[in-house]
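**Q** The structure's right below; bear with me while I get my questions together.
The values are calculated or read from the model by the stated rules, or taken from the named source; none is laboratory data. As the structure is a computational prediction, the values presented were derived from the model and not from experiment. Here Cβ is always computed from backbone atoms with ideal geometry, including for glycine, and neighbour counts include all displayed protein chains.
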Amino acid sequence: MNGKYTVKIKDRRVRYNFELVRNITVVQGDSGTGKTTLFDMVSAFTRLKERSGVQIVCDRPCVALHAELDWQTRLAGIHDSIVFIDEDAEYIGTHEFALSIRHTDNYYVIFCRDSLHQLPYSVEEIYEIKTSNKLHTFRKIYRRQKDYLYANAAGKTKPSVLLTEDSHSGYQFYRHYYDGTSVSCVAAGSNSDIFSWLKEHHDEKVFVIADGAAFGSEMNRVMGLQHQFPDKITICLPESFEWLILQSGLLDIAGLNEMLNDPSSYIDSQRYFSWENYFEEYLIQHTFGTYYAYSKSQIHSFYTIRENSGKIIALIAANMPEA
Amino acid sequence: MLNIWFGNMPDVIYDTSTYFKHAYRDQWIMDPLSVEMIRDVDHSEVISSNLIQSPVLGAISPVQLSGGVKTLILVSKIRNQVFNASRCGDNCAKWLLKIAANKKIVVNLRHLMDFGNGEFKIMVMNKKKIAHNMRELVLLAGEYV
């Protein structure tokens, strides 16, 4: 399943309007905002359709998956649908659940505050419900600022450490860019190691750059830490490093701009669990056999030439450490 | 004092709504603390033990309260079970502290709840250490969620 879906759900008392952009949407926020009411309405519609008194307008079926022991059997029978799961379902946080939905052709709307480390959901798809009269809509919890910043360290001092998730091509790129400067590049190990690294080094001024497409489960604690050390930690979350390269204008690929303007129309949820997987594959495929062939494990020197690296850095430059 | 086990915890009551549905007593709803919590979190007024007036849903029963309020009521009334307090949004944090002001309360959290900018005392059970503010809580508990 791919594309964006507008969902309109209503009964005599309440209305919900929202748009889904990717395979996984997480809804959190305060208590008493209507999450369970929304799930109950979808649940009633799943059982009784129009005879429930609930109306749903959407290009795909909307179904509720309950906290039942046979959830895997039920899930196996759901295709090309938008699946709503309430926070009563403890299985949401399990490895089995991640495996079960990984290659399905559904989109998922998950009501849950738990940090779901098994699922690669985007920082852009974490919402709370806002209410105006009887209309409920989704609002992003984490607001993206200029240059893909989600939090910008206060003060004039530029960061002295640039922290990446792993030591693959992105880390190699930044290390090369800052080679010979006072900025040290550090790889935390994985996205879930970033919190621990920051916690141990909270007296240093750090610029964190990670893949926003799959950083959703880390946001609660990393932003919580940033909130406590607002003059130390900057959080920059572009979709992924490959996405930055594609966005930089460095590569002349037919149809690239169309794809970047509307990724969800191109990214099949059954094939790509996270958008970062798609961008990586896209970049590898479209540079394969060229003198600038991209590899995740080893950055090609084409991308680290100052003229080229500058174009990539320009996308996130305003608050980067000075090279 | 509020005692919190962060992250996965065996034998916790995770599905607090189902537990509430089958365990709540009428008199719990009329309790002044419950009335206050329902008013503050759900913006609803308790009319009787079986009837609550919601500004959005109209007249509802106690089982239609938000998951957060139902969990708060369970935490305040049942001492021999540990409940999943991640059913509670940040707007429930002050109530957890209030419930635990004069007695030992144990809950489970699978995320970092925002307890605000003030001082408090929360035992992070995983570390057996007390956090006195959000900075200490994030540093002590972040690795478990």
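**Q** Condition first: of a type in the set (Asp, Glu), within 14 Å of chain B (Cβ to nearest Cβ), closer than 30 Å to B:LEU112 by Cα and in contact (Cβ under 8 Å) with a residue 40 or more places away in the chain. Now tell me which residues in segment A:1-49 satisfy that. Break it down stepwise before answering.
**A** At the first step, the residues of segment A:1-49 found to be of a type in the set (Asp, Glu) are A:11, A:19, A:30, A:40.
When the remaining residues are screened for being within 14 Å of chain B (Cβ to nearest Cβ), the result is A:11, A:30, A:40.
From what's left, closer than 30 Å to B:LEU112 by Cα: A:30, A:40.
Passing the criteria: only A:ASP30.
**Q** Restricting attention to segment B:113-131, report how many residues are part of a loop (DSSP other than H, G, I, E, B) and free of Cβ contacts under 8 Å to residues at least 40 places away in the same chain.
**A** Here the count works out to 9.
**Q** Determine, yes or no, whether A:ALA44 is surrounded by fewer than 20 Cβ atoms within 10 Å (Cβ to Cβ), under 26 Å from B:VAL56 (Cβ atoms) and touching a helix residue (DSSP H, G or I) at 6+ places or on another chain (Cβ under 6 Å). Step through it out loud before you land on a result.
**A** Details: surrounded by fewer than 20 Cβ atoms within 10 Å (Cβ to Cβ): yes; under 26 Å from B:VAL56 (Cβ atoms): yes; touching a helix residue (DSSP H, G or I) at 6+ places or on another chain (Cβ under 6 Å): yes.
Spelling it out, A:ALA44 is indeed surrounded by fewer than 20 Cβ atoms within 10 Å (Cβ to Cβ), under 26 Å from B:VAL56 (Cβ atoms) and touching a helix residue (DSSP H, G or I) at 6+ places or on another chain (Cβ under 6 Å).
For (1) part of a helix (DSSP H, G or I); (2) more than 27 Å from B:ASN133 (Cα to Cα); (3) touching a His at 6+ places or on another chain (Cβ under 7 Å), each residue gets a yes or a no:
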site	(1), (2), (3)
A:SER167	no, yes, no
A:PHE195	yes, no, no
A:LYS199	yes, no, no
A:PHE207	no, no, no
A:HIS227	yes, no, no
A:THR234	no, no, no
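**Q** Does A:THR104 meet the test of being among the β-branched types (Val, Ile, Thr), modelled with pLDDT under 95 and either more than 15 Å from A:LEU237 (Cβ to Cβ) or surrounded by 22 or more Cβ atoms within 10 Å (Cβ to Cβ) (or both)? Don't jump to the end; show me each part of the working.
**A** Values: among the β-branched types (Val, Ile, Thr): yes; modelled with pLDDT under 95: no; either more than 15 Å from A:LEU237 (Cβ to Cβ) or surrounded by 22 or more Cβ atoms within 10 Å (Cβ to Cβ) (or both): yes.
No: the conditions fail for A:THR104.
**Q** Right, here's the next one. Output the residues belonging to segment B:107-133 that are farther than 16 Å from B:GLY68 by Cα and crowded, with 17+ Cβ neighbours inside 10 Å.
**A** Matches in segment B:107-133: B:PHE120, B:ILE122, B:MET123, B:VAL124, B:MET125, B:ALA131.
**Q** Are any residues in segment B:53-73 surrounded by fewer than 23 Cβ atoms within 10 Å (Cβ to Cβ) and among the hydrophobic types (A, V, I, L, M, F, W, C), and if so, which ones?
**A** B:VAL56, B:LEU57, B:ALA59, B:ILE60, B:VAL63
**Q** When you go through B:PHE115, B:PHE83 one by one, which is the residue that is aromatic (Phe, Trp, Tyr) and under 10 Å from B:LEU2 (Cβ atoms)? So that I can check it myself, show each step before the final result.
**A** Details: B:PHE83 fails: under 10 Å from B:LEU2 (Cβ atoms).
Sole residue among the options that is aromatic (Phe, Trp, Tyr) and under 10 Å from B:LEU2 (Cβ atoms): B:PHE115.
**Q** Considering segment A:192-205 alone, what residues qualify as being away from chain B (no Cβ under 14 Å) and buried (at least 18 other Cβ atoms within 10 Å of the Cβ)?
**A** Looking only at segment A:192-205, we keep the residues that are away from chain B (no Cβ under 14 Å), and these are A:204-205.
Listed by number, the list holds a single entry, A:LYS205.
**Q** Would you check which residues across segment A:265-285 are surrounded by 17 or more Cβ atoms within 10 Å (Cβ to Cβ) and in a helix (DSSP H, G or I) and list them?
**A** A:TRP275, A:GLU276, A:ASN277, A:TYR278, A:PHE279, A:GLU280, A:TYR282, A:LEU283
**Q** Quick check, is A:ASP179 closer than 24 Å to A:PHE229 by Cβ and surrounded by fewer than 21 Cβ atoms within 10 Å (Cβ to Cβ)? Don't jump to the end; show me each part of the working.
**A** Working: closer than 24 Å to A:PHE229 by Cβ: no; surrounded by fewer than 21 Cβ atoms within 10 Å (Cβ to Cβ): yes.
Against the criterion (closer than 24 Å to A:PHE229 by Cβ and surrounded by fewer than 21 Cβ atoms within 10 Å (Cβ to Cβ)), A:ASP179 does not qualify.
Residue by residue, here is whether (1) among the β-branched types (Val, Ile, Thr); (2) touching a Leu at 6+ places or on another chain (Cβ under 9 Å); (3) at pLDDT 95 or above holds:
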{"site": "A:LYS8", "(1), (2), (3)": "no, no, yes"}
{"site": "A:VAL42", "(1), (2), (3)": "yes, no, yes"}
{"site": "A:ALA64", "(1), (2), (3)": "no, no, yes"}
{"site": "A:ALA67", "(1), (2), (3)": "no, no, no"}
{"site": "A:ALA89", "(1), (2), (3)": "no, yes, no"}
{"site": "A:HIS95", "(1), (2), (3)": "no, no, yes"}
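**Q** Now for a different question. For segment A:64-91, name all the residues that are touching a Lys or Arg at 6+ places or on another chain (Cβ under 7 Å) and of a type in the set (Gly, Ala, Ser).
**A** Selection gives A:SER81 alone.
**Q** Could you figure out which of (1) within 14 Å of chain B (Cβ to nearest Cβ); (2) of a type outside the set (Gly, Ala, Ser); (3) crowded, with 17+ Cβ neighbours inside 10 Å isn't true of A:PRO230?
**A** Evaluating A:PRO230 over (1) within 14 Å of chain B (Cβ to nearest Cβ); (2) of a type outside the set (Gly, Ala, Ser); (3) crowded, with 17+ Cβ neighbours inside 10 Å leaves (3) as the failure.
**Q** Something else: It is to be established whether one or more residues within segment A:300-311 are assigned to a loop (DSSP other than H, G, I, E, B) and touching a residue at least 60 places away in the same chain (Cβ under 8 Å).
**A** Kept after step one, since they are assigned to a loop (DSSP other than H, G, I, E, B), are these residues of segment A:300-311: A:300, A:305.
Now narrow it down to the ones that are touching a residue at least 60 places away in the same chain (Cβ under 8 Å): none.
No: segment A:300-311 contains no residue that is assigned to a loop (DSSP other than H, G, I, E, B) and touching a residue at least 60 places away in the same chain (Cβ under 8 Å).
**Q** Within the bounds of segment A:107-123, is there any residue that is surrounded by fewer than 21 Cβ atoms within 10 Å (Cβ to Cβ), of a type outside the set (Ser, Thr, Tyr) and either outside the structural domain of A:GLU19 (by TED's automatic domain parsing) or in contact with a Ser or Thr (Cβ under 8 Å, 6 or more places away or on another chain) (or both)?
**A** Narrowing segment A:107-123 to residues surrounded by fewer than 21 Cβ atoms within 10 Å (Cβ to Cβ): A:117-118.
From the residues that got through so far, the ones that are of a type outside the set (Ser, Thr, Tyr) too are A:117-118.
Restricting the remaining residues to those that are either outside the structural domain of A:GLU19 (by TED's automatic domain parsing) or in contact with a Ser or Thr (Cβ under 8 Å, 6 or more places away or on another chain) (or both) gives A:117-118.
Yes, there is a match, as at least one residue in segment A:107-123 is surrounded by fewer than 21 Cβ atoms within 10 Å (Cβ to Cβ), of a type outside the set (Ser, Thr, Tyr) and either outside the structural domain of A:GLU19 (by TED's automatic domain parsing) or in contact with a Ser or Thr (Cβ under 8 Å, 6 or more places away or on another chain) (or both).
**Q** For A:ARG51, state whether it is at pLDDT 95 or above, over 27 Å from B:CYS88 (Cβ atoms) and more than 27 Å from the chain's Cα centre (by Cα). Break it down stepwise before answering.
**A** Values: at pLDDT 95 or above: yes; over 27 Å from B:CYS88 (Cβ atoms): yes; more than 27 Å from the chain's Cα centre (by Cα): yes.
When the stated conditions are applied, A:ARG51 passes them.
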